[in-house]
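Okay, so here's the structure we're looking at.
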Amino acid sequence: MEKTWNNKAWFLVLPMLVLVAFSAVIPLMTVVNYSVQDTFGNNVFFWAGTEWFEDLLASDRFWEAMVRNLIFSFIILAIEVPLGIFIALNMPKKGWGVPVCLVLMALPLLIPWNVVGTIWQVFGRNDIGLLGYYVNAFGIDYNYVQDPFDAWVTVIIMDVWHWTSLVVLLCYAGLVSIPDAFYQAAKIDGASRWAVFRYIQLPKMQRVLLIAVLLRFMDSFMIYTEPFVVTGGGPGNSTTFLSIDLVKTALGQFDLGPAAAMSLVYFLIILLLSWVFYTVMTNYDAER
């Protein structure tokens, strides 16, 4: 029996394709256009070629922001992924505690990014913030406004508090999909808890862990709102990530050409690194 194709379904998809064209493709082409042109104002542009890309790749400011981004993303993944797995493993699988834990895990994800930044900006202050006040009360000199290390610690803790729940929920979804027969067989064989985790739970979570790692890497590498609200990229440039530097170039200095070139390079870096993560993790899964 031959399958019948109904091409009329394309008419249902057409409005969404038009919407995507206006919201994604056209702005992208505008950015590409700005990246190869220069202007002296009055909406008069002239061809600049690859000048902005060459200046960007030769800029120490760009590479310093890139290194800060990579370090931040590595720290975030190193903390949130193991912590998310640990919390998911210890969450109840049955009973009234399941909906309670799921709601508590979902609450941080419902808070807007700018609100999260405002909360931690106040929370970390030395005069009115609980974190800043009590940390200094224990004799630790903590001031995220003046000390770069304290600023990094504040931003990292803030991101861990905000986004670990996403990893937890994804890992929990992978765990609850494991049939009870697997655990019964492991119990009969006398498998230890580590053996159950290594040979049963971890393989079943590999798919959701791939999603979690990709999402958290992309989000952490593109982070802007929370650190900008808390530190503004400071003190100095210690928390100025690529996204913050891009906004400063585009809106602060109004250099549209360099900002457009930076945004394209930024996009390609995220695309490349995400592809590397995906390829490595899927190949590892296939080998297993």
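Miscellaneous remarks
- Base-10 log of normalised Debye intensity for the chain (one unit scatterer per alpha-carbon) at q = 0.06, 0.12, 0.15 Å⁻¹: -0.29, -0.99, -1.24
- The GNM of the chain, with springs linking C-alpha atoms under 10 angstrom apart, assigns the highest mean-square fluctuation among THR240, THR39, THR231 to THR39.
- Measuring nothing but protein heavy atoms, the accessible surface of region 48-100 at 1.4 Å probe radius is 73 percent carbon and sulfur.
- Long-range amide H partners of GLN37 with built H, under 5 Å: ALA48
- Taken per residue, the accessible surface of the chain reaches 61 Å², heavy atoms only and a 1.4 Å probe.
- Computed from label points 7 Å out along Cα-Cβ, the spacing between ASP127 and THR50 is 5.3 nm.
- Whole-number percent relative contact order across the chain, with pairs defined as alpha carbons under 8 Å at least 6 apart: 26
- Rounded to the nearest 0.05, the FRET efficiency derived from the C-beta distance between ALA21 and VAL276 at R0 = 22 Å is 0.15.
- Direction-averaged projected area, Cα convex hull, region 115-241: 10.2 nm², rounded to one decimal.
- Calculated FRET value between LEU14 and LEU215, using beta carbons and R₀ = 41 Å, to 0.05: 0.90
- Cα-based Lys proximity count in the chain, under 27 Å, for pairs eight or more positions apart or on separate chains: 5
The values are calculated or read from the model by the stated rules, or taken from the named source; none is laboratory data. Note that the structure is predicted; figures quoted are calculated from it, not measured. Quick reminder, even Gly has a Cβ in these numbers, built from the backbone with ideal geometry, and neighbours come from all protein chains shown. Note: areas computed on protein heavy atoms with side chains; ligands, DNA, RNA excluded. Shrake-Rupley method; radii C 1.70, N 1.55, O 1.52, S 1.80 Å.
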